[in-house]
Amino acid sequence: MSVVPGSPPSNLRRFGAVNWIGLFALTQREARRGLQDYNYQILGPVVSSLLYLAVFHLALRTTGGTASNADLLNFIAPGLIIFVACEKAFECAAGSFIFDKHERIIADLLMAPLSSAERVLGYLGGCCLAGGAVGLAVALVTLFFADLSLYSVGALVFFGLMGTMLHALIGILVGIWAEKWDSYAVVHTFLLLPLSFLSGLFYRVENLPETAQSLVRFNPVFYVIDGFRWGMKGTGSADPAIGAGILLAVNAVLFALTYVWFRRGYRLKP
Amino acid sequence: MSQAPTNATLAPRRYGAINWIGLYTLYRKEVRRFLAVGTQTVLAPMVTTLLFLAVFVLAMGRSVDLVGGVPYMEFLAPGLIMMAMTQNAFANTSSSLMIAKIQGNIVDLLMPPLTAFEITLGLALGGLTRGIVVGLATAAAIWVFVPLHLSHVWAVVFYAAMASLMLAQLGVVAGIYAEKFDHMAAVTNFIITPLAFLSGTFYSTERLPDFGRLLAHLNPFFYMIDGFRYGLIGHADGSLWLGAATLVAVNLALLVANYLSFERGNRMKP
């Protein structure tokens, strides 16, 4: 009955392959954090989406464009929903890390009995949930102004997940890498916003010049928006299967990179 | 032996009616504050403005006819420049006060021998400068794609200055009121952005229904954009003199309000 010195004490808590409680706790913390102050975390995106809809509606109406107004709104609405969901996922992930690093509470994350994969998954889960909640809120309000059809629920969920995951992963990488809020703003303004705005969020990519049309195919956000719109309307500019494949591949690469960074403690551990 | 020193150098420093050195120092601090992060404060608005231009022109398509006698792009450009100017003028003063309050270095503003009037003026002029600098930068960026003519130089200068000053002063109001970044986000999301978006930046108010036009003309942002646009394309939707009078009146009212806030130390002094 003698205890070998140096062996772990017998009351050490044991987990199976996955620490489910810990993973759930981290997911819950991140999701709550992303939505804690609902009157501006959810209402803010809702108001700005409505503004975009209103402005496009009025611009088309008062400038006498020949494109059908209802068509344009029905085209923009799915793009806006996935756009705000993705923005929230990025903000949630990047914001958490930069804040925690500044406040020196990042140790809470690093000390907890979680493996690197569980940490990545916890953040991803929380931020995708927060993004999904905001997207759902915008969708509900948009229903009053545009026809949202459901062509394929599976595609909506898949592309919604892929889009928020892509942005959350970029958010985690930026959050780990960034030392200041400035870097967050730089990535958002100079990388993510152009990627979203120039990817068929507000217009059909067929309207673009030919060179731009081929360039847009290298933009993963284009496949997110196009696929999500396909899930609602059943039509899109690209083949949703190709989009799904590209997004799976990009997300897998980013996931692996994030995992390696956590594993090594890059910029997180001394 | 222990005589009080009668040294003239210990007498309090005297200023004339206005402490010019102090005022200039505060102004210079406000300007250097935004120039130090020029990527975010000057380059970022250039990029977002170009994005908006691209998105609206592509979404409206080539089908759009002339608005107020000019192509849609030329109609849109002045509005976008004005929007960038006003948003940045607001951001300059509001973030300056907000951060000073949160970090506690607001005392550096309240302790120096500056009167409430000098503080108000120094902050407002700093915001005004940011607005003008951003306006010039975005105009240069837009000019690459859209021909800009100076039809009425006085209107361009007057409305640019009045609009930047007004938003800089509104930024002071918001900076004094807000106690958390959440409050500031609420003011930006729910007041400033809607007023700016629904002011005729993207569409002509002439073809709105009567009630919509009345609402638009009650929005001071409408007059800034309308007057500025008149200076660039020679066409105005509303009355220029009513607009000029409104802007001067609002600016004076804000000046008095901010003077009183600093005099009383609202939310700044214990």
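The values are calculated or read from the model by the stated rules, or taken from the named source; none is laboratory data. It should be emphasised that the depicted structure is a prediction, and the values quoted were computed from it without experimental measurement. Virtual Cβ from ideal backbone geometry, glycine too; neighbours counted across all protein chains shown. The protein model used for the area step is the full one, side chains on, heavy atoms only, and it has no ligands, DNA or RNA in it. Shrake-Rupley method; radii C 1.70, N 1.55, O 1.52, S 1.80 Å.
So the values come out like this:
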quantity: Complete set of residues in the stretch A:172-210 that are more than 12 Å from chain B (Cβ to nearest Cβ), over 10 Å from A:Ile98 (Cα atoms) and in contact (Cβ under 8 Å) with a residue 60 or more places away in the chain; calculated: A:Leu173
quantity: Conditions (1) under 14 Å from A:Ile76 (Cα atoms); (2) open to solvent by 70 Å² or more (accessible area, probe 1.4 Å): number failed by A:Lys269; calculated: (1)
quantity: When residues of the stretch B:186-197 are limited to those that are facing chain A (nearest Cβ under 7 Å) and of a type outside the set (S, T, N, Q), the one surrounded by the fewest Cβ atoms within 10 Å (Cβ to Cβ); calculated: B:Phe190
quantity: Residue among B:Thr138, B:Thr120, B:Thr205 that is more than 12 Å from every other protein chain (Cβ to nearest Cβ) and in contact with a Phe, Trp or Tyr (Cβ under 8 Å, 6 or more places away or on another chain); calculated: B:Thr120
quantity: Hey, B:Glu30 within 14 Å of another protein chain (Cβ to nearest Cβ), of a type in the set (Asp, Glu) and crowded, with 17+ Cβ neighbours inside 10 Å or not; calculated: no
quantity: Verdict on A:Val84 being touching a Pro at 6+ places or on another chain (Cβ under 7 Å) and either at pLDDT 90 or above or within 14 Å of chain B (Cβ to nearest Cβ) (or both); calculated: yes
quantity: Test result for A:Val153, within 23 Å of A:Arg267 (Cα to Cα), open to solvent by 20 Å² or more (accessible area, probe 1.4 Å) and among the β-branched types (Val, Ile, Thr); calculated: no
quantity: Criterion violated by A:Trp261 - all others in (1) open to solvent by less than 30 Å² (accessible area, probe 1.4 Å); (2) part of a helix (DSSP H, G or I) satisfied; calculated: (1)
quantity: Qualifying residue in the stretch A:63-77 (condition: under 27 Å from A:Pro220 (Cβ atoms), outside any loop (DSSP other than H, G, I, E, B), aromatic (Phe, Trp, Tyr) and within 14 Å of another protein chain (Cβ to nearest Cβ)); calculated: yes
quantity: Residue list for the stretch B:106-134, filter: outside any helix (DSSP H, G or I) and within 16 Å of B:Asn266 (Cα to Cα); calculated: B:Ile106, B:Met111, B:Thr115
quantity: Residue within the stretch A:91-112 that is within 13 Å of chain B (Cβ to nearest Cβ), within 26 Å of B:Phe202 (Cβ to Cβ) and part of a helix (DSSP H, G or I) present; calculated: yes
quantity: Qualifying residue in the stretch A:148-160 (condition: in contact (Cβ under 8 Å) with a residue 12 or more places away in the chain and within 14 Å of chain B (Cβ to nearest Cβ)); calculated: no
quantity: Residue under evaluation B:Ala155, criteria (1) within 14 Å of another protein chain (Cβ to nearest Cβ); (2) under 16 Å from B:Gly79 (Cβ atoms); (3) more than 12 Å from the chain's Cα centre (by Cα); (4) open to solvent by less than 20 Å² (accessible area, probe 1.4 Å), criterion not met; calculated: (1)
quantity: Any chance A:Leu80 is in contact (Cβ under 8 Å) with a residue 40 or more places away in the chain and open to solvent by less than 10 Å² (accessible area, probe 1.4 Å); calculated: yes
quantity: Hits in the stretch A:89-108 - residues which are open to solvent by 10 Å² or more (accessible area, probe 1.4 Å) and over 11 Å from the mean Cα position of the chain (by Cα); calculated: A:Gly95, A:Phe99, A:Lys101, A:His102, A:Glu103, A:Arg104, A:Ile105, A:Ile106, A:Ala107, A:Asp108
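Yes/no matrix, rows are residues, columns are (1) more than 8 Å from chain A (Cβ to nearest Cβ); (2) under 14 Å from the mean Cα position of the chain (by Cα); (3) open to solvent by 10 Å² or more (accessible area, probe 1.4 Å):
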{"residue": "B:Phe34", "(1), (2), (3)": "yes, yes, no"}
{"residue": "B:Val37", "(1), (2), (3)": "no, no, yes"}
{"residue": "B:Val47", "(1), (2), (3)": "no, no, yes"}
{"residue": "B:Val55", "(1), (2), (3)": "no, no, no"}
{"residue": "B:Leu58", "(1), (2), (3)": "no, no, yes"}
{"residue": "B:Val67", "(1), (2), (3)": "no, no, no"}
{"residue": "B:Leu76", "(1), (2), (3)": "yes, no, no"}
{"residue": "B:Gln87", "(1), (2), (3)": "yes, yes, yes"}
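Listed here are the residues, each with its yes/no results for (1) more than 14 Å from chain B (Cβ to nearest Cβ); (2) surrounded by fewer than 18 Cβ atoms within 10 Å (Cβ to Cβ); (3) part of a helix (DSSP H, G or I).
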| position | (1), (2), (3) |
| --- | --- |
| A:Ala212 | no, yes, yes |
| A:Phe218 | yes, yes, no |
| A:Val224 | yes, no, yes |
| A:Thr235 | yes, yes, no |
| A:Ile246 | yes, no, yes |
| A:Ala249 | yes, yes, yes |
